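Accompanying notes for the structure given below.
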Amino acid sequence: MKSNNMLLMITVILFGVSACVSNTPITSNYEKNRDFSSYKNYKLLKHEDDFAYGVYPKHQQYIEKAIQREMMVIGYSLSQKPDLLVAYFVKEKLVQEADYNYQGYYRKWGFPLWKNVVEYKEGTLIVDIIDNNNQQVIWHGAFNRKISEDTNDVEENINKIVQRLFEQFN
C-alpha cells in the first residue's frame, strides 16, 4: 500500500507542473537518415501488467491520450498492424544542490560561512518511437524538470508536456 501511495504522489507531482512549461529542457534524438514519411501508422505499447511503472492510472490515461493526439497531428493513425511502436516511461531521481556562502573574511582561505543544501525531485517523461520491422528505436524524446508540488490542472499540464515533446519529432 505504501508503494502505491508513493507512485501516486510521484506521478501527481511530476505532472502537476507550473504554467511555465516553455522553459523546460527537452531533448530528442533520431536517426538522421531515416525517412519518416514511409511510416503510416503506430501502436502504443502496453507495459507489463498493463501499467507503466511510476504512473498513477488516471495519469497513464492522460499520457496515452496526449501521445495518441500528437501522433494523429503528425499524421499517423492507430493500428493493430503498425509500422511504428510507441513506448513511454516515467523516471524520477533525487537531486541535491549545495549553495555555499563565501562572503567576508573567510573567503580568502576558501572556507564558507554557511552551506545550504537543497534537495528536490526531478522527473522525466521518456517517449521512444520504434520501427516495428527491425525493433530499433528511431526517435527518442525526454522531458525533464524539477517536480512541482502543484497538482492543479494535471491533464492540461500533461498535454502541454507531450505536445512540447512531440514538437521535436521529425
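The values are calculated or read from the model by the stated rules, or taken from the named source; none is laboratory data. The structure displayed is predicted, hence computed values, not measured ones. Positions of Cβ are backbone-derived with ideal geometry, glycine not excepted, and every protein chain shown enters the neighbour counts. Side chains are part of the model used for accessible areas, which takes the heavy atoms of the whole protein and leaves out ligands, DNA and RNA. Shrake-Rupley method; radii C 1.70, N 1.55, O 1.52, S 1.80 Å.
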State the number of residues belonging to region 122-136 that are within 16 Å of Lys43 (Cα to Cα) and in contact with a helix residue (DSSP H, G or I) (Cβ under 7 Å, 6 or more places away or on another chain).
1
Can you pull out the residues in region 113-123 that are more than 11 Å from the chain's Cα centre (by Cα) and of a type outside the set (Ser, Thr, Tyr)?
Leu113, Trp114, Lys115, Asn116, Val117, Val118, Glu119, Lys121
Any residue at all in region 54-66 that's at pLDDT 80 or above and touching a strand residue (DSSP E or B) at 6+ places or on another chain (Cβ under 7 Å)?
yes
Subset of region 135-158 that is β-branched (Val, Ile, Thr) and under 13 Å from Ile63 (Cα atoms) - its residue that is surrounded by the most Cβ atoms within 10 Å (Cβ to Cβ)
Ile158
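Of everything in region 59-92 that's over 12 Å from Leu45 (Cβ atoms) and touching a Lys or Arg at 6+ places or on another chain (Cβ under 8 Å), which residue is most open to solvent (accessible area, probe 1.4 Å)? Can you show your working first?
Of region 59-92, the ones over 12 Å from Leu45 (Cβ atoms) are 59-63, 65-66, 68-81, 83, 90-92.
Subset that is touching a Lys or Arg at 6+ places or on another chain (Cβ under 8 Å): 76-80, 83, 92.
On the way: Tyr76: 19, Ser77: 62, Leu78: 104, Ser79: 27, Gln80: 147, Asp83: 46, Glu92: 68 Å².
Filtering region 59-92 for residues that are over 12 Å from Leu45 (Cβ atoms) and touching a Lys or Arg at 6+ places or on another chain (Cβ under 8 Å), the one most open to solvent (accessible area, probe 1.4 Å) comes out as Gln80.
For every residue, the table says whether it meets (1) assigned to a strand (DSSP E or B); (2) modelled with pLDDT of 90 or more; (3) more than 30 Å from Met71 (Cβ to Cβ).
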| residue | (1), (2), (3) |
| --- | --- |
| Lys115 | yes, no, yes |
| Tyr120 | yes, no, yes |
| Ile126 | yes, yes, no |
| Asn133 | no, yes, no |
| Ala142 | yes, yes, no |
| Asn152 | no, no, no |
| Asn157 | no, no, no |
Can you tell which of Ile130, Ile126, Ile161 is open to solvent by less than 70 Å² (accessible area, probe 1.4 Å) and over 11 Å from the mean Cα position of the chain (by Cα)?
Ile130
Reported set for region 137-166 where residues are in contact (Cβ under 8 Å) with a residue 60 or more places away in the chain and within 18 Å of Lys40 (Cα to Cα) is Ile138, Trp139, Phe166
